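> Can you keep this structure in mind? I'll have questions shortly.
The values are calculated or read from the model by the stated rules, or taken from the named source; none is laboratory data. No experiment lies behind these values; they were computed from the predicted model shown. Reconstructed Cβ throughout: ideal geometry from the backbone, glycine too, with neighbour counts over all protein chains shown.
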């Protein structure tokens, strides 16, 4: 399989995972308790986030929930369009690794396997290692500069 397909598939997969999680916590996938809805609203997400961030006061946990949501939305969009792809992939992998460590400490290692967090993080780092991103804004801008 060509690098073009691999990097595009990785970018879209990671981006949609991030953007879907953001949509869920903002209620776009449905109400809490509905099938395939994890949080369903912001309050449920912040409560979950505070569980993961048990080592900080709740008000700091709320700030971390906002930061995580902002980063997931931003990185999801950047990966989807392929802008600053290598940096976005490294930051995404780092963010997912932090999520995995926090989940491991608060919920146990199995939770990270159930949500494939380690796989997501490793996919991000592999995407960063590819280094060539056809079908991306990076490629478009790079060709314009040459």
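> If we keep just the residues of region 60-75 that are within 11 Å of the chain's Cα centre (by Cα) and surrounded by 18 or more Cβ atoms within 10 Å (Cβ to Cβ), which is farthest from residue 44 (Cα to Cα)? Step through it out loud before you land on a result.
Within region 60-75, the first condition is being within 11 Å of the chain's Cα centre (by Cα), and the residues that meet it are 68-75.
Then keep just the ones that are surrounded by 18 or more Cβ atoms within 10 Å (Cβ to Cβ); that gives 68-69, 72, 75.
Values: 68: 15, 69: 13, 72: 17, 75: 23 Å.
Among those residues, the one meeting the criterion is 75.
> Among (1) farther than 26 Å from residue 132 by Cα; (2) modelled with pLDDT under 95, there is one condition residue 6 misses while meeting the rest; what is its number?
(1)
> Also: Which members of region 30-52 meet the condition of being over 17 Å from the mean Cα position of the chain (by Cα), at negative phi and buried (at least 19 other Cβ atoms within 10 Å of the Cβ)?
Scanning region 30-52 gives a single hit, 50.
> Here's something else I'd like to know. Quick one: would you say residue 27 is touching a helix residue (DSSP H, G or I) at 6+ places or on another chain (Cβ under 8 Å) and farther than 19 Å from residue 116 by Cα? Before you say what the answer is, go through the steps one by one.
Numbers: touching a helix residue (DSSP H, G or I) at 6+ places or on another chain (Cβ under 8 Å): yes; farther than 19 Å from residue 116 by Cα: yes.
When the stated conditions are applied, residue 27 passes them.
> Give the residue that is farthest from residue 95 (Cα to Cα), with candidates limited to residues of region 123-139 that are assigned to a helix (DSSP H, G or I) and either more than 19 Å from the chain's Cα centre (by Cα) or at pLDDT below 90 (or both).
Going through region 123-139, the residues assigned to a helix (DSSP H, G or I) turn out to be 123-130, 137-139.
Then keep just the ones that are either more than 19 Å from the chain's Cα centre (by Cα) or at pLDDT below 90 (or both); that gives 137-139.
Details: 137: 23, 138: 22, 139: 25 Å.
My answer is 139.
> Across region 76-114, what is the total count of residues that are free of Cβ contacts under 8 Å to residues at least 60 places away in the same chain, under 24 Å from residue 61 (Cβ atoms) and within 12 Å of the chain's Cα centre (by Cα)?
9
> Given the criteria part of a helix (DSSP H, G or I), surrounded by 20 or more Cβ atoms within 10 Å (Cβ to Cβ), free of Cβ contacts under 8 Å to residues at least 60 places away in the same chain and under 16 Å from the mean Cα position of the chain (by Cα), does residue 15 qualify? I'd like the intermediate steps shown before the answer.
Working: part of a helix (DSSP H, G or I): yes; surrounded by 20 or more Cβ atoms within 10 Å (Cβ to Cβ): yes; free of Cβ contacts under 8 Å to residues at least 60 places away in the same chain: no; under 16 Å from the mean Cα position of the chain (by Cα): yes.
Spelling it out, it is not the case that residue 15 is part of a helix (DSSP H, G or I), surrounded by 20 or more Cβ atoms within 10 Å (Cβ to Cβ), free of Cβ contacts under 8 Å to residues at least 60 places away in the same chain and under 16 Å from the mean Cα position of the chain (by Cα).
> Something else about it: Among the residues of region 30-69, count how many are part of a helix (DSSP H, G or I), in contact with a helix residue (DSSP H, G or I) (Cβ under 8 Å, 6 or more places away or on another chain) and within 16 Å of residue 96 (Cα to Cα). Break it down stepwise before answering.
Let us first name the residues in region 30-69 that are part of a helix (DSSP H, G or I), namely 42-52, 58-69.
Among the residues that remain, those that are also in contact with a helix residue (DSSP H, G or I) (Cβ under 8 Å, 6 or more places away or on another chain) are: 42, 44-46, 49-52, 58, 61-62, 64-65, 68-69.
Now narrow it down to the ones that are within 16 Å of residue 96 (Cα to Cα): 49, 52, 64-65, 68-69.
Within region 30-69, residues that are part of a helix (DSSP H, G or I), in contact with a helix residue (DSSP H, G or I) (Cβ under 8 Å, 6 or more places away or on another chain) and within 16 Å of residue 96 (Cα to Cα) number 6.
> Let me ask another. Among the residues that make up region 20-29, is at least one of them out of contact with any strand residue (DSSP E or B) (no Cβ under 8 Å at 6 or more places or on another chain), surrounded by 14 or more Cβ atoms within 10 Å (Cβ to Cβ) and farther than 29 Å from residue 84 by Cβ?
Yes, there is a match, as at least one residue in region 20-29 is out of contact with any strand residue (DSSP E or B) (no Cβ under 8 Å at 6 or more places or on another chain), surrounded by 14 or more Cβ atoms within 10 Å (Cβ to Cβ) and farther than 29 Å from residue 84 by Cβ.
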